[in-house]
1. Looking at segment 209-235, I want the residues that are open to solvent by 40 Å² or more (accessible area, probe 1.4 Å) and have a partner that is acidic (D, E) with Cβ atoms under 6 Å, at least 6 apart or on another chain. Which pairs are those?
2. A37 fails exactly one of the following numbered conditions: (1) open to solvent by less than 40 Å² (accessible area, probe 1.4 Å); (2) of a type outside the set (S, T, N, Q); (3) more than 15 Å from the chain's Cα centre (by Cα); (4) modelled with pLDDT of 95 or more. What is the number of that condition?
3. I'd like the full set of residues that are aromatic (F, W, Y), part of a loop (DSSP other than H, G, I, E, B) and over 24 Å from G230 (Cα atoms), limited to segment 261-291.
4. Quick check: anything in segment 179-189 modelled with pLDDT of 95 or more, open to solvent by less than 40 Å² (accessible area, probe 1.4 Å), in a loop (DSSP other than H, G, I, E, B) and of a type in the set (G, A, S)?
5. Go through H97, H116 for me and flag whichever is surrounded by fewer than 23 Cβ atoms within 10 Å (Cβ to Cβ), under 14 Å from W148 (Cα atoms), modelled with pLDDT of 95 or more and not acidic (D, E).
6. Looking at segment 297-322, which of its residues are within 20 Å of the chain's Cα centre (by Cα), part of a helix (DSSP H, G or I) and either crowded, with 21+ Cβ neighbours inside 10 Å or in contact (Cβ under 8 Å) with a residue 60 or more places away in the chain (or both)?
7. Quick check on segment 197-217: of everything there that is out of contact with any helix residue (DSSP H, G or I) (no Cβ under 9 Å at 6 or more places or on another chain) and in a loop (DSSP other than H, G, I, E, B), which residue is modelled with the lowest pLDDT?
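The values are calculated or read from the model by the stated rules, or taken from the named source; none is laboratory data. This one's a predicted model, so the numbers in the text were calculated from it and none came from an experiment. Note: ideal-geometry Cβ built from the backbone for every residue, glycine included; neighbour counts use all protein chains shown. Areas reflect the complete protein model, heavy atoms only, side chains present, ligands, DNA and RNA absent. Shrake-Rupley method; radii C 1.70, N 1.55, O 1.52, S 1.80 Å.
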Amino acid sequence: MLTSKIPVLICIDVEPDAFFVSRQKPEPWRGYELTHAYIRSWRSALQQLTGNAVHLCWFIRMDPQVALAHGHAAWAVEHYRELVQEAIDAGDELGAHVHTYRWSEESGDWLDDHGHNDWVAECLDTAVEAYRANVGTPCRSLRFGNYWSGTEAINRAEALGFRFDLTIEPGLPPNALDSRKPPHSGDLPDYYRVPREPYAPSRSDFRRKARPGDRDITLLPLTSAHLQYGWGPRSLRQRWRRLRHNGWRHRLQDTPLSLWRDWSHPNQFSVMIDRAIAQQRRPYLAFAIHSNAPVEPETLPRIERCLQALMRHPERSRFAFCTPAEAMAILRGAAPVSAPGGGGAPAAVTV
């Protein structure tokens with residue numbers, strides 16, 4: 001019999017404050033400093049409230065853009081070694097957040113070059129080597145940047161030793177990129193009909209399931225639910241569009257539960273969580289935030305409201321804030337960690 005605990009994965013992308021990173025005067029990642037301080041306080045309050053461990057997932061940028069701007073790919077691990085060590089000591093997961101930015105001499109600026117598989121492979125290789133050299137263990141968890149992922153990239157990630165990927169946001173339309181970000185090569189895939197549960201990806205299309213036992217990597221999609229609409233002509237069109245894009249099976253999990261979003265009645269964040277849980281055979285929750293949130297005035301208050309909603313949620317006694325490996329163990333029926341600390345992260349940063 002499966003446990004009644006609900007794994008909750010909080011993914012934090014540790015990255016520069018700006019999308020267009022200066023090569024001449026790279027700045028400290030002030031957003032990460034502020035995010036870490038906020039998360040420290042929130043974790044402490046949540047652990048006191050529940051009496052249980054709170055393990056988080058930090059995905060650190062260690063790719064060629066960081067190397068070119070800051071001198072080496074593992075700059076953040078070295079510069080913020082005390083913060084990174086604090087996360088390790090708390091039992092958190094350390095993973096890689098890989099962007100595929102390439103410097104374009106032609107334009108004199110950054111290009112998100114995920115359209116070329118060789119460059120994507122180089123970005124992954126850079127992150128893996130930087131992690132191994134500076135953290136001292138293989139890197140197991142991955143999140144790509146800018147909503148992008150791809151079949152060849154996932155296959156490469158598996159070969160490099162990654163065991164979990166938490167990039168996919170089910171229901172996200174194609175090319176849903178923020179216009180403030182650098183231009184990109186290739187297209188962003190749509191995530192309309194991807195699985196809404198952890199799955200092993202097909203080698204020919206990462207958005208489809210492989211046969212059980214065929215892969216060493218598991219994709220854990222972020223959480224989606226559905227918005228409540230009225231009954232006028234506009235809402236009928238919205239319902240039809242939702243069904244047409246996501247299909248009957250996933251029609252009620254078409255809206256990513258983004259923590260930066262301003263959720264309001266009748267679609268408050270707590271209600272959206274209820275809807276997500278109700279649609280899952282083995283419920284779990286997964287959310288992502290970016291460390292640059294504190295430097296965007298409207299974003300951090302929205303994230304705080306969502307995190308507070310998690311703390312106050314009626315099902316909070318069932319929530320287990322955990323790492324990807326812990327989440328999969330819980331979903332298979334294992335008991336969650338019940339006391340602070342004791343996660344499976346590396347013991348120390350070796351910078």
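1. Final answer for the pair search is D216/E158.
2. Going through (1) open to solvent by less than 40 Å² (accessible area, probe 1.4 Å); (2) of a type outside the set (S, T, N, Q); (3) more than 15 Å from the chain's Cα centre (by Cα); (4) modelled with pLDDT of 95 or more one by one, A37 breaks only (1).
3. Y284 - this is the single residue of segment 261-291 that is aromatic (F, W, Y), part of a loop (DSSP other than H, G, I, E, B) and over 24 Å from G230 (Cα atoms).
4. Checked against the condition, which is being modelled with pLDDT of 95 or more, open to solvent by less than 40 Å² (accessible area, probe 1.4 Å), in a loop (DSSP other than H, G, I, E, B) and of a type in the set (G, A, S), segment 179-189 yields no hits at all.
5. The conditions single out H116.
6. Answer for segment 297-322, where residues must be within 20 Å of the chain's Cα centre (by Cα), part of a helix (DSSP H, G or I) and either crowded, with 21+ Cβ neighbours inside 10 Å or in contact (Cβ under 8 Å) with a residue 60 or more places away in the chain (or both): L300, I303, E304, C306, L307, L310, M311.
7. Filtering first and then ranking leaves P212.
Matching residues to (1) in a loop (DSSP other than H, G, I, E, B); (2) open to solvent by 30 Å² or more (accessible area, probe 1.4 Å); (3) without any contact (Cβ under 8 Å) to a residue 12 or more places away in the chain; (4) closer than 17 Å to P201 by Cα:
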| position | (1), (2), (3), (4) |
| --- | --- |
| L142 | no, no, no, yes |
| S149 | yes, no, no, yes |
| E158 | no, no, no, yes |
| P174 | yes, yes, no, no |
